[in-house]
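Data first, discussion second: the structure below is written as structure tokens.
Read-outs: derived from the displayed coordinates by stated rules, not from any lab. The model shown is predicted, which means the values in this text are computed figures rather than measured ones. Methodologically, a virtual Cβ is constructed for each residue, glycine included, from the backbone with ideal geometry; neighbour enumeration extends over all protein chains shown.
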Amino acid sequence: MDLLPSACIWSESSPIEQVLRSLKQTAFHYVDVEPSTLEAGNGREILKTIGLKVSCVALDHNLPAECSWDKDAESVRRTAALVQHAFARCEALGATVGYVGPPRDRKMLKVFGDALAALSDHAAERGVKLCVEHVPGRALPTAREALAFVEQIGKPNLYLLLDVGHTLISKERAWQVVEAAGARIGYVQLNDNDGKKDRHWPLLDGVLTEDDLARTIAALKATGYQGTLGIELKPYFHLNSISAFSKNHNLLLRLQQKPAAAAAAR
């Protein structure tokens, strides 16, 4: 069964109704959102009307000034409370995955981990997988470190969010991370860059190769991953983002039809 693409739409500047209708016309079935993405206009109503589904929610995007995983234990507590509140929104939207990013300060990893342990239980009650993203330049800069962190916490409902664009910067092979993580892969985001900065380019516009992508998808299927593939692009003045989403959607489905994709991961 194909792993279906999902469009991460939180960077879109067009009215949400227009974005959703355009994505539906380009054959998407899923979108990824921030907790407030669909609150503007008639976003939630349009979503239901046209039959799009929410796959994943970025739980800690656009935090208020008093919330952070970095400042102190009290700010972490406030952040965790907001994330816990967002689980109810995930459930209402039908999203089965939510994720957070790590702090910047490694000294905050202990209190961050304690918060995640409790949050993972709350997420389970709402039917949501809680994932931790690895982010270059932060306290968990590589996928391997984020995976070890998740495994050390040891909660059954805590997973790794694999960001393939981030692995290009940390010089990791995404398919090898998938093989090492196995069932601990809770979600996958895809984008490209120049190997230096997190630019969120369309797939194959940077250093990511088609062979890398095929190997990663084959590895995901081999480990039994059944989630969607979040395409996370940022709009640029020279780029029609809906067209780029559509092109990447078709690329991901095409790669899954190639018999060589499975052999490439061996």
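What ranking, highest mean first, results for peptides 159-165, 230-236 when packing means the other Cβ atoms within 10 Å averaged over each residue? It would help to have the intermediate numbers written out before the result.
Values: 159-165: 26.7, 230-236: 20.4.
Output ranking for 159-165, 230-236: 159-165, 230-236.
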Would you work out the relative contact order for the stretch 18-119, in percent, from Cα pairs under 8 angstrom that are 6 or more residues apart?
27
Based on the mean of other Cβ atoms within 10 Å per residue, sort peptides 213-220, 71-78 so the most packed one is first.
213-220, 71-78
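Determine the relative contact order of the chain: mean sequence separation of Cα pairs under 8 Å and six or more apart, normalised by residue count, in whole percent.
Values: 509 pairs, mean separation 47.3, N = 266.
Averaging sequence separation for qualifying contacts and normalising by length gives 18 percent for the chain.
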Among all helices in the chain defined by DSSP H, which have a length of 20 Å or more along the axis from Cα atoms plus a Kyte-Doolittle mean of at least 0.0?
73-93, 109-125, 241-255
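Applying a 10 Å radius around every beta-carbon, put 194-201, 7-14 in order of their mean neighbour count, most first. Please list the in-between numbers first.
Values: 194-201: 15.8, 7-14: 18.9.
Result, highest mean Cβ count within 10 Å first: 7-14, 194-201.
Calculated from DSSP H runs of 4 or more alone, at -39500 (n - 2.57) each and per residue, what is the 222 nm mean residue ellipticity of the chain, nearest 500?
On the way: 10 runs with 116 residues, N = 266.
Here the helix-only value at 222 nm equals -13500 deg cm²/dmol.
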Between Lys258 and Glu179, what length comes free when the chain is fully extended (0.36 nm per residue of separation minus the Cα-Cα distance, one decimal in nm)?
26.4 nm
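I need the fraction of alpha carbon pairs in the stretch 44-131 separated by more than 16 Å, rounded to a whole percent. Please report the intermediate quantities before stating the final value.
Details: 2013 of 3828 pairs.
Percentage above 16 Å: 53.
So if R0 is 30 Å, what FRET efficiency would Lys107 and His61 give, r being the distance between their Cβ atoms, rounded to the nearest 0.05? The partial results should precede the final answer.
Working: r = 23 Å, r/R0 = 0.77.
Efficiency for this residue pair is about 0.80.
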Taking the chain, how much of its Cα-Cα pair set, in percent, is spaced more than 36 angstrom apart?
8
Could you tell me which of the pairs Lys24/Lys171; Lys48/Lys129; Lys53/Lys247; Lys196/Lys247 are separated by over 28 angstrom between their Cα atoms in the structure shown?
Lys24/Lys171
Per the C-alpha gyration tensor (a ≥ b ≥ c, the square roots of its eigenvalues), the stretch 1-69 is rounded if a/c is under 1.5, else prolate if a/b beats b/c, else oblate; here it's oblate
Residue by residue through the stretch 163-171, what is 3J(HN,Hα) from phi via Karplus (6.51 cos²θ - 1.76 cosθ + 1.60, θ = phi - 60°)? Round to whole Hz and write x for glycine and proline.
9, 5, x, 5, 5, 5, 7, 7, 6
Could you work out how far the C-alpha centroid of the stretch 91-158 sits from that of the stretch 1-42, in angstrom?
24
